[in-house]
Amino acid sequence: MSHELKITLIDAQPYYSARRKLCEVLDHGTKKLAFACAFLTEPGLASIIRHTRNLELPDSFAVFSFEEPTSPQSLAKIFKKYPRNIYVHYGTYLREYEPQFPRGIMHSKLFFASDGVTAKVWCGSHNLTGNALHRKNIEAATLVEGPCDHPYFKDVEKHLEGCKTRARSSPRRATTRRPPTPCTTCSAWFARP
């Protein structure tokens, strides 16, 4: 098998509707679907919900940030549908770095889908919001396709697992906003000379 990667810009047209292409990526994940996407709103969830069935797979998961514009109602809906595979990042305090913006959030927009032979990765600026998926915002993404065993895809999976590790799987907490958890690792790192 060739280790060549196919790389496509989505899209050269600034107001391109990305929904169809992103749904094709989601549908490709018949072996594994994993993604971290900062924001999820009601229109965004409605745009992709028919293409999320692969989140039922044992190794599949999704991670969302709890910051606005993420909708607690959207999180509750997707938790109800896939209770074991949805994670929420509640943020961490990074007061030492930017006091005016003390909460650090999971801000990735990275989608990984594998059929066991080939993988597809969508990486770009699109959140799962109506504005991002339906030509209201100017957005861009890169679609990378190739054999599952390519090192690039292993790095993507490692990043996504890291997002998942720093998030929580708890439907109870997904419906109310909470203060962020202090991040002692980040505080110690930023305190270094």
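The values are calculated or read from the model by the stated rules, or taken from the named source; none is laboratory data. Remember, it's a predicted structure, so these values are computed and weren't measured experimentally. Positions of Cβ are generated from backbone atoms using ideal geometry, with glycine treated the same way; all protein chains shown enter the neighbour counts. Just the protein is used for accessible areas: all its heavy atoms, side chains included, with ligands, DNA and RNA removed. Shrake-Rupley method; radii C 1.70, N 1.55, O 1.52, S 1.80 Å.
Shown is the FRET efficiency for residue 49 and residue 149, computed with R0 = 35 Å from the Cβ-Cβ distance and rounded to the nearest 0.05: 0.70. With a simple spin-label model that places each label point 7 Å from the Cα along the Cα-to-Cβ direction, the separation between residue 165 and residue 42 comes to 3.7 nm. FRET efficiency for the residue 8 to residue 68 pair, using the beta carbon distance and R₀ = 30 Å, is estimated at 0.45.
By its C-alpha gyration tensor, with a ≥ b ≥ c as the square roots of the eigenvalues, how is segment 1-159 shaped: rounded for a/c under 1.5, else prolate for a/b larger than b/c, else oblate? Cα axes put segment 1-159 in the rounded bin.
When the C-alpha to C-alpha distance is required to be over 24 Å, the pairs from 21/154; 136/164; 31/136 that qualify are 136/164; 31/136.
Which percent of the accessible heavy-atom area of segment 1-146 goes to carbon and sulfur, probe 1.4 angstrom? Result for segment 1-146: 52 percent of the exposed heavy-atom area is carbon or sulfur. For residue 81, go through the aspartates and glutamates and keep the ones whose alpha-carbon is under 12 Å away, minus same-chain ones fewer than eight residues off. Here the aspartates and glutamates satisfying the reach criterion relative to residue 81 are 56.
Starting from 0.36 nm per residue, how many nanometres of slack lie between residue 125 and residue 56 once their C-alpha separation is accounted for?
Numbers: separation 69, 0.36 × 69 = 24.84 nm, distance 2.55 nm.
Working it through step by step, the gained length comes to 22.3 nm.
Could you do me a favour and compute the accessible area per residue for segment 1-98, 1.4 Å probe, result in Å²? With the other protein chains kept in place, segment 1-98 gives 51 Å² per residue.
At 0.36 nm per residue, minus the direct Cα-Cα distance, what do residue 84 and residue 30 gain on full extension? Give it in nm, one decimal, please.
Computed gain between residue 84 and residue 30 is 17.7 nm.
In plain terms, the chain from residue 142 to residue 107 could stretch by 10.9 nm, reckoned as 0.36 nm per residue minus the Cα-Cα distance. A dipole drawn for segment 1-76 from +1 and -1 charges on Cβ atoms has a positive end, and of 13, 76, 44 the residue lying farthest that way is 13.
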